[in-house]
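Every number here is computed from the coordinates shown, using simple stated rules; none is lab data. From a predicted model like this one, the values you see are computed outputs, not experimental measurements. Note: ideal-geometry Cβ built from the backbone for every residue, glycine included; neighbour counts use all protein chains shown.
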Amino acid sequence: MVKHVVLWKFKDSLTEVEKDGIKNDIKRRLQNLNGQIEGVNSIEVHTEGLESSNMDVMAECELANKEALVRYNGSPEHQKIKDESITPYMESRNVFDWVD
């Protein structure tokens with residue numbers, strides 16, 4: 001099993017209202033990929049971090065194997081979400097993947 005965690009930080013120019021809308025969109029769209037891509041066991045998006053957090057959104061994915069991670073990252077559905085709902089609004093992105 002492979003775990004894939006991504007953390008994003010919003011651009012400073014966004015208002016709190018804009019951030020809330022984007023968080024909801026990212027969460028809805030990524031979690032809707034559950035069951036849609038072979039080898040993706042689960043996708044959870046966390047948007048309500050504690051005040052001690054220094055990132056705004058976290059996606060946590062569980063995948064069957066490394067090949068499933070490659071398939072997920074390259075899927076047209078995932079790419080569309082990244083292009084429309086994530087990349088335009090983020091200042092930074094951090095990723096950590098591991099075999100569990």
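Here are the numbers for the structure shown:
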quantity	calculated
222 nm mean residue ellipticity, helices alone, for the chain (DSSP H n ≥ 4; -39,500 (n - 2.57); rounded to 500)	-9000 deg cm²/dmol
Candidate values [x] 2, 13, 24, 27, 18, 11, 5, 1; [y] 2, 11, 18, 22, 23, 16, 7, 1; [z] 2, 11, 15, 15, 15, 14, 11, 7, 4, 4, 3, 0, label of the one derived for P(r) over Cα pairs in 5 Å bins from 0, in percent	[x]
Percent RCO, i.e. relative contact order, over segment 2-99, from Cα pairs under 8 Å lying at least 6 residues apart	46
Crossing angle, helix 16-31 versus the chain [Cα axis fit, 0-90 degrees, rounded to tens]	10
Around I26: net Lys/Arg minus Asp/Glu count, Cβ-Cβ under 15 Å	-1
